[in-house]
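Okay, so here's the structure we're looking at.
The values are calculated or read from the model by the stated rules, or taken from the named source; none is laboratory data. If you're wondering where the values come from, they're calculated on a predicted model, not measured in any experiment. A quick note on method: Cβ atoms are made from the backbone with ideal geometry, for glycine too, and the neighbour counts reach across all protein chains shown.
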Amino acid sequence: MNSQLDPESYAGQLSAASIVGQLDFDYQAAIEELRLVGETLKRAGAVTTAIALGDRLLLGITGLAVLEYRDGAMCEPIFAAMPGLEDTTKNREKIAEAFRESLDRFELERFVHPWGNLGEMLMQAAIPHSSIPGFVSILGRYYESSDSPSGSDFCDWIRSWPLELVNAKGLSKPVWRFIQQAGEISDDLVEKCIEIFDDLQDGEYDEDGGDGLPAELIKAIVQEIQSKSIRRMKTGTRIPQPKLFWEPDESSSIQLELPSVEIQTSSAVMWK
């Protein structure tokens, strides 16, 4: 997916996604588009703004959540990106309503979060960049010691953690909540992150591990893994999971991608 999406292609990309954070786009450029969204919200209603600029609102706020989220702070960067709007309760409600309307317009996944609308904005981002060091450390320890690491197995393990122990274990609460609620979406995301670990086992990122994740997320995870020099302790070949995905651009069909296990195992493989 092209990381430099044209505005005209936003709607199509969003309609094919489950969450906004699956899209590969220029976060900073999307944040800059929020100025226009704020000016529109100032003179129009939330529903009108969602219809006219819902794609830009979703991408811009997700870009903020990815790049600028720190310790529960979301309102300040949102209003900084919308200088035409004053930070008032009424305007917060208008932004939240427009965001919800935009999610529904593109039939994106909805989440329940104790922070309400701000929490749902974080959930659409999946993994804020400020949460990557802790996430990679925990996934790295799992990867190093597991016989056959997989995204679904890791997420099931994380789902077994009680909330009160999450911070002590080094994982951010936004990532824990995303894994708790996002089901197969989070399983697939983590599986792609594990592919990045696989790619880096020779010290170089050169096999497109994590293909399908946003380019900036891949870059940040690669840098974090390289800084920690994570290597698997278990011997043997890790068998990637098959991938079931929707291909909207070419055949408009559901496709199943099977990993090249024969090459990895040097033997014939039969899928059942």
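Do we have Thr62 as of a type in the set (S, T, N, Q), closer than 27 Å to Ser172 by Cα and either in a helix (DSSP H, G or I) or in contact (Cβ under 8 Å) with a residue 24 or more places away in the chain (or both) here? The answer is yes for Thr62.
Taking the criterion of being more than 22 Å from the chain's Cα centre (by Cα) and either part of a loop (DSSP other than H, G, I, E, B) or within 26 Å of Phe178 (Cα to Cα) (or both), the residues of the stretch 22-45 that qualify are Ala44, Gly45.
Among Leu213, Leu200, which is surrounded by 14 or more Cβ atoms within 10 Å (Cβ to Cβ), aliphatic (A, V, I, L, M) and modelled with pLDDT under 95? Matching residue, one of Leu213, Leu200: Leu200. Beta carbons closer than 6 Å, at least 6 apart along the sequence or on distinct chains, pair a first residue in the stretch 198-217 that is over 19 Å from Lys228 (Cβ atoms) with a second that is loosely packed, with under 15 Cβ neighbours inside 10 Å for Ala215/Ser3. For the subset of the stretch 98-114 comprising residues that are among the aromatic types (Phe, Trp, Tyr) and more than 15 Å from the chain's Cα centre (by Cα), which member is surrounded by the most Cβ atoms within 10 Å (Cβ to Cβ)? Per the stated criteria, the residue is Phe99. Applying the criterion of being surrounded by fewer than 17 Cβ atoms within 10 Å (Cβ to Cβ) and aliphatic (A, V, I, L, M) to the residues of the stretch 139-169, the residue that is nearest to His113 (Cα to Cα) is Leu163.
Gly60 meets all of the listed conditions (1) over 24 Å from Ile218 (Cβ atoms); (2) modelled with pLDDT of 95 or more but one, namely (1). Is one or more of the residues making up the stretch 177-188 among the hydroxyl-bearing types (Ser, Thr, Tyr), more than 18 Å from Phe25 (Cα to Cα) and modelled with pLDDT under 95? No, that holds for no residue.
Given the options Pro259, Pro248, name the one that is surrounded by 13 or more Cβ atoms within 10 Å (Cβ to Cβ), modelled with pLDDT of 60 or more and not assigned by TED's automatic domain parsing to the domain that holds Leu163. Unique residue meeting the criteria: Pro259.
If you check Ser3 against the conditions, is it surrounded by fewer than 16 Cβ atoms within 10 Å (Cβ to Cβ), at pLDDT below 85 and not in a helix (DSSP H, G or I)? Yes: the conditions hold for Ser3. Restricting attention to the stretch 177-191, the residues being within 11 Å of the chain's Cα centre (by Cα) and of a type outside the set (Asp, Glu) number 7.
Whenever a residue of the stretch 170-189 is farther than 20 Å from Trp115 by Cβ, its partners that are surrounded by fewer than 20 Cβ atoms within 10 Å (Cβ to Cβ) and modelled with pLDDT of 95 or more, lying with C-beta atoms within less than 7 angstrom and at least six residues away or across chains, give the pairs Gly170/Gly134; Gly170/Ser137; Gly170/Ile138; Asp187/Ser152. Elements of the type helices (runs of 4 or more DSSP H) sitting completely within the stretch 96-191 and holding at least 3 residues that are among the small types (Gly, Ala, Ser): these cover 132-145.
Restricting the stretch 216-236 to residues that are modelled with pLDDT under 90 and among the basic types (Lys, Arg) leaves a set whose member that is surrounded by the most Cβ atoms within 10 Å (Cβ to Cβ) is Arg232. Checked against (1) under 30 Å from Glu191 (Cα atoms); (2) β-branched (Val, Ile, Thr); (3) loosely packed, with under 14 Cβ neighbours inside 10 Å, Thr89 passes all but a single condition, namely (1).
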